[in-house]
Amino acid sequence: MAKMWAGRTSGNTNKIADDFNSSIHFDSRMFRQDIKGSMAHAAMLGAQKIITEQEAGQLIDGLQTMLDDLESGALPIDPACEDIHMFVEQVLTERLGNVGKKLHTARSRNDQVALDLRMYLRDETDEIVALVKNLLQLLTNKAEQYKATIMPGYTHLQRAQPVTFGHHLMAYSAMLLRDLQRLADCRGRINVSPIGCCALAGTTYPTNRQAEAKALGFSGICQNSLDGVSDRDFCVELLSCLSLLMMHLSRFSEEIILWCSWEFKFVELSDEFTTGSSIMPQKKNPDMAELVRGKTGRVYGDLLATLTMLKGLPLAYNKDMQEDKESIFDACDTVKMCLKVFTGMLQGLKALPQNMLRAAQKGFINATDLADYLTKKGLPFRSAYKLSGQLVAYCIENGKVLEELELSVFKQFSSLFEQDVYTAINLTTCVEKRTSAGGASIASVEKQIALVTEYLNS
């Protein structure tokens, strides 16, 4: 197929060079954005009298027909074309003749590529945001369901203090909420139009960049033509947001993997989102959670690849920048699939409250509350801390937990102990006393749920 850029050269590149240079096998997914951008460009050219309104109409009609044909499958994408941009222009020219050759007036592939990519990532961001919101809504529903279900909270993976499963889930809700806010912020910077920057220096034609940007739903235009075609910081920013999102999903996956093991057995995953073993019939493996955890590294790799590709590039456009697409496309695809799978997995997850409670009853996670009890009786905290530690050591030596000690034993350590100590160290009481903002009490969890719900409904 003849090269549309032939002129200075013959256009007769080596087959290996053609294949190496081609990007149509991955950028063809942007055909909708390319055609819609071209339609807006044609309309602007007509409105500015750069081409006739009749020619603009012919171009728009021809592009719409192409879009319809591509959507229906009547027009297959030619893999021999260099990229989707050349494919669209070439087919349009074949169909319309010389009028088709006028479409590329006052633009370059440099600003065209940047335009298509921004439009595509804008759509992808919207889709990812919707998936995160679905997951966030499910999380808050689960938190409401388990807001009174006591479990051990951990530090260093050691039982530390009592919380509720609902409170634990709301920690991930808070993380996802920030992910949504970051994505919304990032989308604002994606939503800036580069079209009209041309190759690097703008154009001599009397274009109307603002009108073209508005027609395509952009909030503004790139103010510097070199910047408009040469930077991909919006890709890096989105990849950073997606990496953070995957990090949160990975941490959550790690906990689910631990929780559904026999060593914890805090939760049960549905059969729909687990697998078995080829040799061990008793196994029920959390493969979906493990894959989410594994694919996190893949998204990190996409981010690092893009950063590395950009770090040494002089202005303006360089062919290296073709490498931006596979990385960002892969990251978006991976994140969307992970969100869908994770949401399905979480939907079928059931907590095992009795197992959580039994775990909470061991490990002396009410020891801090015991110290607080003595502090409120007038003992300095450090003294109370030491005394509580001594009581824990006594319990370990005698195979007991704090709740099982006789009052007389408590009094051997301090005369401050009274019958009310048993209420103070009751696990439900321990949780419900944590009424500080953001704490583990039921009322606090309900406030957290309300804040997330308000955001989702805004």
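The values are calculated or read from the model by the stated rules, or taken from the named source; none is laboratory data. Since this is a predicted model, take the numbers as computed values, not measurements. A quick note on method: Cβ atoms are made from the backbone with ideal geometry, for glycine too, and the neighbour counts reach across all protein chains shown.
Within segment 415-458, the set of residues being of a type in the set (S, T, N, Q), surrounded by 17 or more Cβ atoms within 10 Å (Cβ to Cβ) and assigned to a helix (DSSP H, G or I) comprises S444, Q448. Determine if segment 83-97 includes at least one residue that is within 40 Å of the chain's Cα centre (by Cα) and among the small types (G, A, S). Among the residues of segment 83-97, not one is within 40 Å of the chain's Cα centre (by Cα) and among the small types (G, A, S), which makes the answer no. How about segment 345-356: which of its residues are in contact with a helix residue (DSSP H, G or I) (Cβ under 8 Å, 6 or more places away or on another chain) and either modelled with pLDDT under 95 or assigned to a loop (DSSP other than H, G, I, E, B) (or both)? If the condition is that a residue be in contact with a helix residue (DSSP H, G or I) (Cβ under 8 Å, 6 or more places away or on another chain) and either modelled with pLDDT under 95 or assigned to a loop (DSSP other than H, G, I, E, B) (or both), then G348, L349 are the ones that fit. Give the residues of segment 4-59 that are at pLDDT below 85 and assigned to a helix (DSSP H, G or I), sorted by residue number. If the condition is that a residue be at pLDDT below 85 and assigned to a helix (DSSP H, G or I), then K15, I16, A17, D18, D19, F20, N21 are the ones that fit.
Working only within segment 314-337, note down all residues that are farther than 16 Å from S243 by Cβ, within 28 Å of the chain's Cα centre (by Cα) and not basic (K, R). Passing the criteria: D320, M321, Q322, E323, E326. Within segment 240-251, is there a residue that is modelled with pLDDT of 95 or more, surrounded by 16 or more Cβ atoms within 10 Å (Cβ to Cβ), assigned to a loop (DSSP other than H, G, I, E, B) and polar (S, T, N, Q)? No, there is no match, as no residue in segment 240-251 is modelled with pLDDT of 95 or more, surrounded by 16 or more Cβ atoms within 10 Å (Cβ to Cβ), assigned to a loop (DSSP other than H, G, I, E, B) and polar (S, T, N, Q). Which of (1) part of a loop (DSSP other than H, G, I, E, B); (2) farther than 30 Å from L357 by Cβ is the odd one out, the single condition L96 does not satisfy? All conditions pass for L96, except number (1). Among the residues of segment 303-329, those that are under 20 Å from M119 (Cβ atoms), out of contact with any Lys or Arg (no Cβ under 8 Å at 6 or more places or on another chain) and of a type in the set (D, E) comprise E323, E326. Check segment 206-225 and report whether any residue there is closer than 30 Å to A367 by Cβ, at pLDDT 95 or above, assigned by TED's automatic domain parsing to the domain that holds D324 and not basic (K, R). No, that holds for no residue. Residue count for segment 273-291 under the criterion of being in contact (Cβ under 8 Å) with a residue 60 or more places away in the chain and out of contact with any helix residue (DSSP H, G or I) (no Cβ under 7 Å at 6 or more places or on another chain): the result is 0. For segment 266-288, the criterion of being assigned to a loop (DSSP other than H, G, I, E, B) and among the basic types (K, R) is met by at least one residue. Among the conditions (1) under 30 Å from F252 (Cβ atoms); (2) crowded, with 17+ Cβ neighbours inside 10 Å; (3) touching a Phe, Trp or Tyr at 6+ places or on another chain (Cβ under 8 Å), M170 misses just one, which is (3). Close Cβ contacts (under 9 Å, 6 or more residues apart or on different chains) running from residues in segment 72-93 that are surrounded by fewer than 13 Cβ atoms within 10 Å (Cβ to Cβ) to residues that are in a loop (DSSP other than H, G, I, E, B) comprise P79/S22; A80/M1; A80/S22. For segment 138-167, residues that are surrounded by fewer than 21 Cβ atoms within 10 Å (Cβ to Cβ) and small (G, A, S) total 3. Flag: K295 matches the condition of being under 30 Å from L269 (Cα atoms) and in contact with a Cys (Cβ under 8 Å, 6 or more places away or on another chain).
Taking (1) buried (at least 21 other Cβ atoms within 10 Å of the Cβ); (2) touching a residue at least 40 places away in the same chain (Cβ under 8 Å); (3) under 19 Å from K350 (Cα atoms); (4) out of contact with any Gly (no Cβ under 9 Å at 6 or more places or on another chain) in turn, W259 satisfies each apart from (2). Residues that are free of Cβ contacts under 8 Å to residues at least 24 places away in the same chain and within 22 Å of F234 (Cβ to Cβ) were ranked within segment 320-358; the one that is surrounded by the most Cβ atoms within 10 Å (Cβ to Cβ) is E323.
Considering only residues in segment 60-98 that are small (G, A, S) and at negative phi, the one that is modelled with the lowest pLDDT turns out to be A80.
Of the set (1) free of Cβ contacts under 8 Å to residues at least 12 places away in the same chain; (2) in a helix (DSSP H, G or I); (3) surrounded by fewer than 15 Cβ atoms within 10 Å (Cβ to Cβ), all apply to T375 but (3). For segment 301-319, the set of residues classified as surrounded by 18 or more Cβ atoms within 10 Å (Cβ to Cβ) and assigned to a helix (DSSP H, G or I) consists of D302, L303, A305, T306, M309, L310, listed by residue number.
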